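Data block below; observations after.
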Amino acid sequence: GAVVSQHPSRVICKSGTSVKIECRSLDFQATTMFWYRQFPKQSLMLMATSNEGSKATYEQGVEKDKFLINHASLTLSTLTVTSAHPEDSSFYICSGGASSYEQYFGPGTRLTVT
Amino acid sequence: GENVEQHPSTLSVQEGDSAVIKCTYSDSASNYFPWYKQELGKRPQLIIDIRSNVGEKKDQRIAVTLNKTAKHFSLHITETQPEDSAVYFCAANTGTASKLTFGTGTRLQVTL
């Protein structure tokens, strides 16, 4: 299957700072990527759809000014958590797909805000 | 939008027994239903998927059934092994073909 990488795998930051997470499709081009957030013992919740060359589409309740998404190329999407707070601590996972159905997930980024 | 419900939330079976996890969805336009296995701290891994033009699909010990009329689909694992212990998520696509809505997850424990 297709490979998606994410960087960093873990990050600890202080409250009020910003953190950037990168999601790369290594062997396919992704015009669309998705960003999910997963709190402990909960399901994956879709945050936004990242569209190459255009603005991201955010799910209801997700602040677009806090979670900045950039999809500048067909292999890279970035999520920046701005002014992070402890409640933003979570597991962030991206996904992309070469076809219109199957999605391939990145390994996830564990964000801890102190 | 799509709503996916999943039951049970936890399931404990003895090694060798079968496990069944059920999901229902609300959007009749959904046509892709994947199942993922997630181990602690890891990414979800696709274990099987089914499209709406098929009623059943099997891959070794894993099978998925789909009833479009009733809007429900199920995961069946036979001859369970301890390494099957994990959290399993169902999902259904919505809106754009690849956008997924996930169920709440089932924690499966296979005991010796």
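The values are calculated or read from the model by the stated rules, or taken from the named source; none is laboratory data. All values reported here derive from a predicted model rather than from experimental measurement. Quick reminder, even Gly has a Cβ in these numbers, built from the backbone with ideal geometry, and neighbours come from all protein chains shown.
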If I ask for residues that are in contact with a Ser or Thr (Cβ under 8 Å, 6 or more places away or on another chain) and not small (G, A, S), which ones from the range B:63-81 would you list? B:V64, B:T65, B:L66, B:K68, B:K71, B:H72, B:F73, B:H76, B:I77, B:T78, B:E79, B:T80
Residue count, the range B:30-41, condition out of contact with any Leu (no Cβ under 7 Å at 6 or more places or on another chain) and either under 14 Å from B:G105 (Cα atoms) or loosely packed, with under 13 Cβ neighbours inside 10 Å (or both), comes to 5
Answer yes if at least one residue in the range B:92-100 is buried (at least 16 other Cβ atoms within 10 Å of the Cβ), at pLDDT 95 or above and touching a Gly at 6+ places or on another chain (Cβ under 8 Å), and no otherwise. no
Test: B:K22 is more than 10 Å from chain A (Cβ to nearest Cβ), more than 25 Å from A:A30 (Cβ to Cβ), crowded, with 16+ Cβ neighbours inside 10 Å and basic (K, R): yes
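I'd like to know if the range B:50-58 contains one or more residues that are in a strand (DSSP E or B), crowded, with 21+ Cβ neighbours inside 10 Å, at pLDDT 95 or above and away from chain A (no Cβ under 14 Å).
Within the range B:50-58, the subset in a strand (DSSP E or B) is B:50-51, B:56-58.
Subsequent filtering for residues that are crowded, with 21+ Cβ neighbours inside 10 Å retains none.
No, the range B:50-58 has no match at all.
Search the range B:72-112 for residues being assigned to a strand (DSSP E or B) and polar (S, T, N, Q), and hand back the single one that is farthest from B:V54 (Cα to Cα).
B:T111
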Counting only residues that are more than 7 Å from chain B (Cβ to nearest Cβ) and either under 14 Å from A:L79 (Cα atoms) or hydroxyl-bearing (S, T, Y) (or both), how many does the range A:97-110 have? 4
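Restrict the check to the range A:36-53 and report whether at least one residue is small (G, A, S) and at the interface with chain B (Cβ under 10 Å from one of its Cβ atoms).
From the range A:36-53, those small (G, A, S) are A:43, A:48, A:50, A:53; that's our starting set.
Those still in the list that are at the interface with chain B (Cβ under 10 Å from one of its Cβ atoms) too: A:43.
Checked the range A:36-53: at least one residue is small (G, A, S) and at the interface with chain B (Cβ under 10 Å from one of its Cβ atoms).
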Test A:S43 against the criterion of being of a type outside the set (A, V, I, L, M, F, W, C) and under 21 Å from A:R10 (Cβ atoms), and give yes or no. no
Please count how many residues of the range B:59-91 are of a type in the set (S, T, Y), in contact (Cβ under 8 Å) with a residue 24 or more places away in the chain and buried (at least 16 other Cβ atoms within 10 Å of the Cβ). 4
